[in-house]
Amino acid sequence: MNNTSKLQQQRRDFLKASAVIAGGTMLSSIPLMGHSSVNDIIKIALVGCGGRGSGAAAQALSTKFNVKLVAMADAFRDQLDNSYKDLEENFKEKLAVPEEHKFVGFDAYKKAIELADVVILASSPGFRPDHFEEAVKQGKHVFMEKPVAVDAPGIRKVLATAEEAKNKKLNVVVGLQRRYQKNYRETIKRIQDGEIGEIVGGQVYWNSGGVWVRERKPEQTEMEYQMRNWFYFNWLCGDHIVEQHVHNIDIANWVKGSYPVSIEGTGSRAWRTGKDYGEIYDNHSIEMTYADGSVIYSQCRHFEGTQNRVDETFFGTKGKAYLSAGNAGKLWDHQGNLLFNHPTKSQANPYQTEHDELFESISKGEYNHWDAEYGAKSTLTGIIGRYATYSGKVIKWDEALNANNSLMPETLDWDAKPKILPDENGLYPYAQPGLFNWQKA
């Protein structure tokens, strides 16, 4: 048997083994038990066909492996159609999505997951815990976007599902792509090897001008309006401290090798105050205190016309470090001598690298990716930050993790009412520090 044949056989055995493990708990509903995935094609399903989902699908289809997109699912038909059209322009030969494999609605994800070996989960973050649970229940490998939840009950579900994925040896990659970016990997390894001593403090930032706004249309129900304008509602997005700033918060946790024991902070709606902006804040500043007493300062804001900054700085007992998504990675000692300077040019795209490594593992029949646990805990760090800025209280990790404050609607239906609704002027209520009870949010 040549090397190619050996790799193909290993992958077949791996998919079979995953199916057998999954079948131990869900024998009647595991399509991997002898379905046509056990061949040379790795079948992909896309759940959530917005911009990031379409981008992730494009990156999966750009790997060197024998992959095909076989199913798509989204709450909205127009979004699915637009995604399919965009993908077809560049990956026509790798699309095998007949009309009957295009699923629309709140439960569409279940049908799409059934048809695949690997599932891309990229719907609005509030849905992620249920979608991840279903994918692992059906024995599928997963790429899921960050953040992985928007509230503590969602985090607990993701952590429980992560354990199930480990038991089934299902590869799970989370879209915290800095974990797959060379400057972060090489610089943080040097930090953790002690080149600048013990980390005693740091600063992490996501300051930018903000994102899109989608206007309300007369024919939309309240549920459809919020789903279309998901960035501005916490049950779907988690606020921008969770949805975007989780990247920088995750770097802080990665550098520290642990998670904060408590968080305090402040925030407000200073610039985005109109009815188009739902309930979220436009600025958050928090202090994350770790078990060793060190404190990492975190800031995120969406103000137009101000200084933008997305990067991380850490201070050690022997020097300091600077990192950014622009491939910077530098270390200095306390005398200002440069200890390490990662080249910023000609670096691989980390969005592509995370898919290259995921599909390489699956292709070889290997189990190398279990990102869900750190993805969940860094997401929880951002959620606790939101609890802290909304309430003005010091929030402890364990207390927040065990909170029963689900943001999700009781019913998912186009005519159902989300928990937060506008007043007669179209304005949504938002958290008031000192008055907001985060445990009942």
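Brief remarks follow.
- Accessible surface of E264, taken over heavy atoms with a 1.4 Å probe and every protein chain present, rounds to 90 Å².
- Across the options Y387, A270, P429, the greatest Cα extent toward the positive end of the charge dipole of the chain (unit charges at beta carbon of Lys, Arg, Asp, Glu) belongs to Y387.
- Rg and Dmax of region 196-310, both derived from C-alpha coordinates alone, stand at 16.4, 60 Å.
- Dipole magnitude for the chain: about 920 debye, using +1 per Lys or Arg Cβ and -1 per Asp or Glu Cβ, origin at the Cα centre.
- Choice from P260, P98, P350 showing the highest fluctuation, given a GNM over the chain with Cα pairs closer than 10 Å: P98
- Surrounding net charge for E145, when Lys and Arg each add one and Asp and Glu each subtract one, Cβ distance under 11 Å: +1
- Charged neighbours of Y322, selected by a Cβ distance under 10 Å, balance to 0 (K, R count +1; D, E count -1).
- Share of carbon and sulfur in the accessible heavy-atom surface of the chain [1.4 Å probe, %]: 47
- Using the Karplus relation 6.51 cos²θ - 1.76 cosθ + 1.60 with θ = phi - 60°, the per-residue 3J(HN,Hα) values for region 58-68 come to 4, 5, 5, 6, 8, 5, 7, 8, 7, 10, 9 Hz, with x marking Gly and Pro.
- Pairs over the 18 Å Cα-Cα cut-off, from the set K393/K417; K43/K64; K64/K110: K393/K417; K64/K110.
- Computed over the chain: relative contact order in percent, which uses C-alpha pairs under 8 Å that are six or more apart: 19
- 3J(HN,Hα) along region 78-84: 5, 5, 4, 4, 5, 5, 4 Hz, from the Karplus curve 6.51 cos²θ - 1.76 cosθ + 1.60 with θ = phi - 60°, whole Hz, x for Gly and Pro.
- Binning the alpha carbon pair distances of region 253-391 at 10 angstrom intervals from zero yields the distribution 10, 26, 33, 25, 6, 0, expressed in whole percent.
- Enclosed volume per residue, in Å³, of the convex hull spanned by Cα atoms of the chain: 160
- GNM result for the chain, Cα springs below 10 Å: residue of V142, V104, V204 fluctuating most strongly: V104
- Surface accessible to a 1.4 Å probe, per residue, for the residues of the chain, Å²: 42
- The residues neighbouring A416, those whose beta-carbon lies less than 11 Å from its own, together hold a net charge of -3 under the Lys/Arg +1, Asp/Glu -1 convention.
- Accessible surface of F132, taken over heavy atoms with a 1.4 Å probe and every protein chain present, rounds to 0 Å².
- For the residues A291, A403, A321, a GNM of the chain with alpha-carbon springs under 10 Å puts the largest fluctuation on A291.
- Against the criterion of solvent-accessible heavy-atom surface with a 1.4 angstrom probe, W414, W206 sort, most first, into W414, W206.
- Fraction of the pair-distance distribution of region 70-118 above 13 Å, Cα-Cα pairs, percent: 55
- Whole-Hz ³J(HN,Hα) from phi, Karplus 6.51 cos²θ - 1.76 cosθ + 1.60, for region 261-272, glycine and proline x: 8, 7, 9, 10, x, 9, x, 5, 10, 9, 10, 9
- Long-range Cα-Cα pairs in region 67-205 (distance over 22 Å), rounded percent: 50
- Overall form of region 343-415 per C-alpha gyration tensor (a/c, 1.5; a/b vs b/c): prolate
- Mean separation of Cα contacts under 8 Å, 6 or more apart, over the residue count of region 332-440: relative contact order %: 21
- Modelled spin-label separation between Q220 and N66, with each label point placed 7 Å from Cα along the Cα-to-Cβ direction: 4.4 nm.
- Modelled FRET efficiency - R0 22 Å, Q307 with W212, Cβ distances, 0.05 increments: 0.50
- Once C-alpha pairs closer than 8 Å and six or more residues apart are averaged by separation and normalised to the residue number of region 109-265, the relative contact order reads 23 percent.
The values are calculated or read from the model by the stated rules, or taken from the named source; none is laboratory data. A quick note: this is a predicted structure, and the numbers were derived from the prediction, not measured. Positions of Cβ are backbone-derived with ideal geometry, glycine not excepted, and every protein chain shown enters the neighbour counts. What goes into the accessible areas is simple: the full protein's heavy atoms, side chains included, and nothing from ligands, DNA or RNA. Shrake-Rupley method; radii C 1.70, N 1.55, O 1.52, S 1.80 Å.
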